[in-house]
Structures are given as C-alpha cells and as structure tokens.
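The structure appears below as structure tokens.
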Amino acid sequence: MTTRTLKPWLFLMPALVIYLTVIFVPSIYTFFLSFFRWNGVTPDKEFVGLGNYTDLIMNDTVFARALRNNLLWTIGSLTLIMGFGLILALMLNKKLKGRIVFRGIFYFPYVLSGIIVATGWTWIYNPTQGFVNKALELLGLESWKHAWLAEPKTALYAVFVAALWQGIGQPMVLFLAGLQTIPQDPYEAAYIDGAKPHQSFWYITLPLLRETFVIVIATTLIASMKVYDIIYGMTGGGPAESTQVLSSWMYNQTFKFANIGTGSAISFFLVMISMIVIIPYVYYTTKKSHV
Amino acid sequence: MEELRVHPGIQALRYTVLILLAAIFLIPVLFIAFTALKSKSDLLTSPFYALPQKFQWGNFAEAWNQGKMSMYMSNTAFICLVKVPLGIMIEALAAFALTRLNFKWSNSMFAFFLVGMMIPIQATLVPLNIFLNKTHLVNTYPGIFLVYVGFGIPFGILILRGFFRTIPKEIDESALIDGCGDMGKFYRIVLPLAMPAIATLVIFDFMATWNEFLLAQIFITKDSMRTITTGLLSFKGEHATDYTLMNAGVLISIIPTLVVYLLFQKYFVSGLAGSVKG
C-alpha cells in the first residue's frame, strides 16, 4: 500500500525538485524581495512595503516608457504580425507550386535566435553602409535616411521591423494548420448559394478559425510582454532609454544599477500581466478539452 | 480547402505577390552573406548590391578561429546534447507518474507545474543568482544544466502528459500480465509509443536551448563557456567596426539552425500545430 502511494512521487521527484529549486521557490523569494530596498551586496535589506511599486508607477519615467513600449509592441504584433501571418497563410493554402519552399522561407527567420536576428539587422540599419540607407540613396531618397537605431524617434520602430521579419512565420504556420482542418463542404454549399469569395471568408473561414485565433492571440500577447533578446541585441534599451521594455528595464535595474527591490517589483508586474493572459487561456483550453 | 475555380490571372497575381514577398524576406540574409564574403576594401568601394569581387572565404575561417565562433558553437552544442535528453527524461518520468500510476494528486500536481509557465524567467533571476553563488555553481556545467532543465519542465510536462494520455490503458494491463513492472512499462511501452511526441519535443527543446539568451547572459559569464548567443554579442563588441568579419560570424551562427531546420522542417510545422492543439 505505501509503496503504491509512494511510487508516483518517486517518478515525479526529479522534475519536482528541479522545478521547485529553479522556478517556484525563487519566484516567491523575488516577490518577497520586491518589498525591500537592497543592493544585493549588503547583509541587511530595508523594508519599504509597497514603496518599490509606487515608486515605479509615480516616479520612474523610464518604467512608464517601458510599459508604453510593451503596449505598442503588443498592438503592432496583434495587427501587423498576426495580420500578415493570416494573409500569407491564406495565400499559401491553395494549390500552388513551391508551396513548401515559400512556407519555408517565411517561417525560417522564426527559428533563429533573437540575438542573431538583432546582430544581422544592426548591420542592415548601419547609418553609412547598411542596406536600408544604401537602398534609399540608390532610389534618390537621401532625405529619408536616418541613423535608424540611434535616433529615439525611429529606434523602436526599426527594431519592430526586424521582429516583424522574424515573427510572421509563426502565426502563418498556425493559421495554415487551422485552415487545413476546415472541410470543403461549407464552401461548396456557400458557392451554390451564390456567396462571393469575401462572404465565404467572412462567414465561413474566420468563424472556423476561432480556435486558432485564440492560440495565436495568446502566444502573441505573451511574446510581446516578454520581448527582450531582439531589443537588447539591437539597442540595449537606448538611445536615451527610448526602446526600454519591461524585461530590459528589469535587467538594467537589477544587474546594472543593483536596485534589486525595484527590479523584483518590475518582474512582478511581468508575472501579473502574464497571469491576466494565461489564466483565461488555460481555462478556455482545458474547458474545451474536457468536453 | 481547395478552390472551386481559379482564374489564371489570379493565380499569376498570387505567384507575383508571393515571389516578391519571398524576395523581401531573403534580402536581409543575402545582404549579410554578401558583406561576409567581401574584402574590407571591396565593401567600401563596390555598390552594396554587387557580388563580392573575389569571395573571401577567409573571413569565415577568421571568425571561426580568432573570433572564437568555433568555441561558442561547441559549447552550445555540448549544452544541447546534455540538456535536451536529460530534460526530456525527467519530464517523461513526471508525465508518466501523472498519467499512468493512478496518482491521487495527478491533476493538482499538473496544475502546479503549469503555474511555472506563467512565471517569466526574470522573476527568478536574482534568487537563482544568489543560490548558484552560494552553492558555487555559477559558471559550472551542473549549474547551467540545472537552470536550463528547470525552465523546460513545465512545457515538457504539458506536451508529454498530453501525449501519454492518448496511449490506451489496456496496454498497461497486458504489460502487467506479462510481468512488467512500472519501470518496464515506462521504458518498454510508454516511451517507444510516445516517440512522435518526443521527437517533436527534442527539436523544439534543441532550438530553444540553442537560442537561449537571458539565462546564458546571467549565469555564464566566463568567456570560455559562452554559448552562441552571448558569444555572438561579445564577438560583435570586439569587432564592432569590422563589418565583414562580424557578418561572417552572423552567417556562421545561422548555418547550424538552417541545417537542423531543413532536415526536420516537417517536425517544426506539424509539431507546432500539434503542441498547440494538444
């Protein structure tokens, strides 16, 4: 009897111990640290209650900038990355020669690391010899030239274009998979009833892609909230903190300025935002799978 | 969905748009490759769209050897080769306990692991750093494997549990009759039957580990242990104005991913769709 109840725990033990050590206990300790002022070195921590949180909201202009940038990033991802992904999927979901080649080309950047993409695109944006400015020169559009990553006005958008290049393939592949589960019959029925193509799209394709939309929107929201590698690799949050996002500002506060409490508070903002996205998502998907 | 009728004009338009878009997607890579293959003077004098006057394969050798790209790459390969099988073994054992051992706490433990998916890595970094420093595991492989395996656990369990559940329970009973213990059931029945899911997870885990940046940035500070991501950044820092060399480095780090991608493209696409549906 005891061995039978004990056995599952034995199988579970390695995963459980590592999970507790690496994720669970540290995140609780981070939460605890977010109520203190501490530089990470001195033995004593000063308790400040919610001070770190209120400081971030009331006094830290870069934090506000970071929040705004995460929001802009999210809006850009939900419209442009998801939109282009859907358009590409619709175009590729046909009898086409070279479909797999096209799909491969559009999806490939997604499997690259953000740092590789960032390094490559930094060169593409190089003010004197990069592709963008050289191409503008060639087209006679010298006045459009910018030091794309060095000007606060353009930097975030320039990084986002690189992220767009990298990210379109993911929703595209998900939408393609979703489109392939849609049967032929409703389209035939609609055609016989005299539906126009845009009507079929609007009343058949979109509703039947609902599941896929839930997945794409959830993954997009999470990815936009966590965005880090590509921004760190291209601008490091600069120029003049104009491209800081929550993740990079958390990194700076914690590991550059040694404001452990502030950094911990930022990371708890991240936890809260991801809970707002993930809890309804998990609830929705588990409810579906039990039916 | 197949189309009911396609006007040849529409089909031609479709190809034109797709080819144009594909070209836009490929231009950045081509520009990087052209730069990487030029000599420094060639880069300065010839137009940006021109092919290299003479292909400078030496740039690659220089990035590979003096630029230490070979070291960064073999470090990353080593981490992947240990982390991926180790992590999946640990996740599979847990998923086995959650699905096939009549475990009373099965659902609540699964939910507990899922909580981990909500916690961004940032929320663990400071305590982990303190812990690894206290245990002298910073810049050691045991420390790296611990952290890397840890962050793979929630997703791995989610995928494997989902797949293990689809394996019929009757097989377990016949195994019991044949005298298989639980360990035997795990090794001889569940693992082999779960190979499709495991193969997908291997590819995904491999790519995630290969591309990992934040953990490497914090926990691997010794240059001789750096992975490809942090290595590429320090390479970029050291050769900031040596554009041909820097792009050779970028191209070198793209190649392994490209090879894995071309070999296993099927898994990437089907796995992504499957993991999401599961």
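For this structure, a couple of remarks:
- Under the Karplus curve 6.51 cos²θ - 1.76 cosθ + 1.60, θ = phi - 60°, whole-Hz ³J(HN,Hα) for the range B:249-254, x wherever Gly or Pro sits: x, 4, 5, 4, 6, 6
- The trypsin sites (Lys or Arg not before Pro) of the range B:80-168 that DSSP puts in a loop, and whose beta carbon has at most 15 other beta carbons within 10 Å, are B:104, B:165.
- Computed helical MRE - 222 nm, chain A, DSSP H runs ≥ 4 contributing -39500 (n - 2.57), nearest 500: -21000 deg cm²/dmol
- A straight Cα-to-Cα reach below 14 Å connects residue A:134 with the aspartates and glutamates A:142, residues fewer than 8 places away in its own chain not being considered.
- For the range A:181-208 and the range B:86-120, distance of Cα centres in Å: 41
- Database remark: amide H of residue A:36 closer than 5 angstrom to the amide H of A:48 (H placed geometrically; neighbours at sequence offset of 5 or more, or on other chains; Pro and chain starts carry no H).
- Only protein heavy atoms count here, probed at 1.4 Å, and on that basis chains B and A bury about 8500 Å² of accessible area in total.
- Eligible aspartates and glutamates near residue A:196 by straight Cα distance, threshold 16 Å, same-chain separation 8 or greater: A:185, A:188, B:2, B:3
- Note on residue A:220: accessible area approximately 20 square angstrom, rounded to 10, probe 1.4 Å, nucleic acids and ligands left out.
- Test item: Cα-centred dipole of the range B:68-277, Lys/Arg +1 and Asp/Glu -1 on Cβ, debye: 180
- Karplus 3J(HN,Hα) series, Hz, for the range A:201-214 with 6.51 cos²θ - 1.76 cosθ + 1.60 (x for Gly, Pro): 4, 6, 9, 10, 4, 4, x, 6, 8, 4, 3, 4, 4, 4
- Count of Lys pairs (Cα-Cα under 24 Å; at least 8 positions apart or interchain) in the range B:68-277: 13
- Cα shape, the range A:1-116, gyration tensor, a/c 1.5 rule: oblate
- Residue B:7 accessible area, assembled protein chains, probe 1.4 Å, Å²: 120
- 3J(HN,Hα) along the range B:45-51: 9, 7, x, 5, 8, 6, 5 Hz, from the Karplus curve 6.51 cos²θ - 1.76 cosθ + 1.60 with θ = phi - 60°, whole Hz, x for Gly and Pro.
- For residue B:139, the residues whose amide H sits under 5 Å from its own are B:221, ignoring neighbours fewer than 5 places away on the same chain, with H placed 1.01 Å from N.
- Here residue A:144 sits with roughly 150 square angstrom of accessible surface, probe radius 1.4 Å.
- Neighbour-limited loop hits for trypsin sites (Lys or Arg not before Pro), the range B:3-47 (at most 13 other Cβ within 10 Å; DSSP other than H, G, I, E, B): B:5
- Prolate/oblate/rounded call for chain B, Cα gyration tensor, a/c under 1.5 rounded: oblate
- The share of accessible area on the range B:8-56 that comes from carbon and sulfur is 79 percent, using a 1.4 angstrom probe.
- Chain A shape via C-alpha gyration tensor axes, a/c threshold 1.5: oblate
- Straight-distance crosslink candidates among aspartates and glutamates, where the alpha carbon sits under 14 Å from residue B:40 and sequence neighbours closer than 8 are dropped: B:62, B:242
- Exposed loop sites here mean GluC sites (Glu not before Pro) with a DSSP loop assignment and at most 16 other beta-carbon atoms within 10 Å; chain B contains its longest site-free run at B:4-278.
The values are calculated or read from the model by the stated rules, or taken from the named source; none is laboratory data. Here the structure is a predicted model, which is why all the values come from computation and not from measurement. When we count neighbours, we look across all protein chains shown, and the Cβ atoms used for this are built from the backbone with ideal geometry, even at glycine. Side chains are part of the model used for accessible areas, which takes the heavy atoms of the whole protein and leaves out ligands, DNA and RNA. Shrake-Rupley method; radii C 1.70, N 1.55, O 1.52, S 1.80 Å.
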